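Structure, as structure tokens:
Throughout, read-outs are computed from the coordinates displayed, never taken from laboratory work. None of the values given here were measured: they were computed from a predicted structure. Cβ placement follows ideal geometry from the backbone for every residue including glycine, while neighbour counts extend to all protein chains displayed.
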Amino acid sequence: MRFAVVGDEPVGTAIREAGGDVVSADDAAAIDVVVAVGESAVTDAVFDTAWDCPVLPVDCGMPWSVPRLELADAVSSVLAGDSWPVEHPILSLSVGADHVGRALFDTMLVTSEPAHISEYGVAHIRPGASVDAPLEETTADDWATVDEFRADGVVVATPLGSTGYARAAGGPVVGPDAGVAVVPVSPYATQTDTWVYQPPLRLTVERDDTPVSLVVDDEVVCDVAPDDPVYITLDGTATLVSY
């Protein structure tokens, strides 16, 4: 079986010791598994359309990632057929009618200035509502309000991202098929809920108190005004190796 390495070439030694063949990451047709070291490498491997093979994450510090010291054992499991692919959802983000990015881990609305809070709204498509039209053409009757709250921000995490920042903010760990975690960030109230929903979702800024930014997988992509709804939908899946 042929493995390509993205993020840290020296781990190729552990792959060879386990009996795997290490090939160039540029030879897409010859790759059976991409070994991605670090979160940024995992993102690059998933979003690189040249590769159509599973990704084995290494050293991401998450339950779905293999510690570097255990990589040889993981490769041995893959070679022995004791592993399986798991499909993880990818999110698509639009502000109004404008597509602004895709998220493998999470997306967040957050106040741009430290020590400032704003008010956020979360809504999901109302059961039974028809959403054949683009989401920016939906009406208020198509959406059911989940909650509105004062906070530093709100994070929506995929199952992969639910074990990271969203969990640190008090959110649940979500299984691959269960939906996405929606978690207020440093809420003003002493008790707030968190939620698990299947997209489509809509996030809104309810007050014009302070600038708010949209962050997608740790990258600030744009500012969001109170009249700019953020739509979150599913956009394919990432295939990761589990064992």
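Observations, loosely collected:
- Each Cα pair under 8 Å and six or more residues apart adds its separation to the average, and for the range 186-231 the resulting relative contact order is 38 percent.
- Exposure proxy order (Cβ contacts within 10 Å, fewest to most) of Ser40, Ser118: Ser40, Ser118
- Compactness of the range 195-242, expressed as Rg and Dmax over alpha-carbon positions, Å: 13.9, 45
- Interchain or long-range residues, amide H under 5 Å from Ser112's placed H: Val212, Ser213
- Cα-only Debye scattering, the chain: base-10 log of I(q)/I(0) at q = 0.08, 0.16 Å⁻¹: -0.35, -1.06
- In this calculation the C-beta distance from Thr190 to Ser213 is compared with R0 = 30 Å, giving a FRET efficiency of 0.70.
- Cα-derived Rg over Rh, computed across the range 2-82 with Rh taken as Kirkwood radius: 0.92
- Euclidean distance of C-alpha centroids, the range 2-47 and the range 83-144, integer Å: 32 Å
- Extents of the range 45-127, largest first, come to 51, 32, 29 Å (Cα atoms, principal axes, whole angstrom).
- Going from the residue with the fewest nearby Cβ atoms within 10 Å to the one with the most, Leu234, Leu214 rank Leu234, Leu214.
- The range 2-82, relative contact order in percent, only Cα pairs under 8 angstrom and at least six apart counted: 29 percent
- Computed from point charges on the beta carbon alone (+1 for Lys and Arg, -1 for Asp and Glu), the dipole magnitude for the chain about its Cα centre is near 620 Debye.
- Relative contact order of the chain: 22 percent, from C-alpha pairs under 8 Å at least 6 residues apart in sequence.
- Amide H contacts under 5 Å for Val146: Val122, Ala123, His124, restricted to partners 5 or more places along the chain or on a different chain, H placed in the peptide plane at 1.01 Å from N.
- The residues Met1, Met108, when put in order of fewest to most other Cβ atoms within 10 Å, stand as Met1, Met108.
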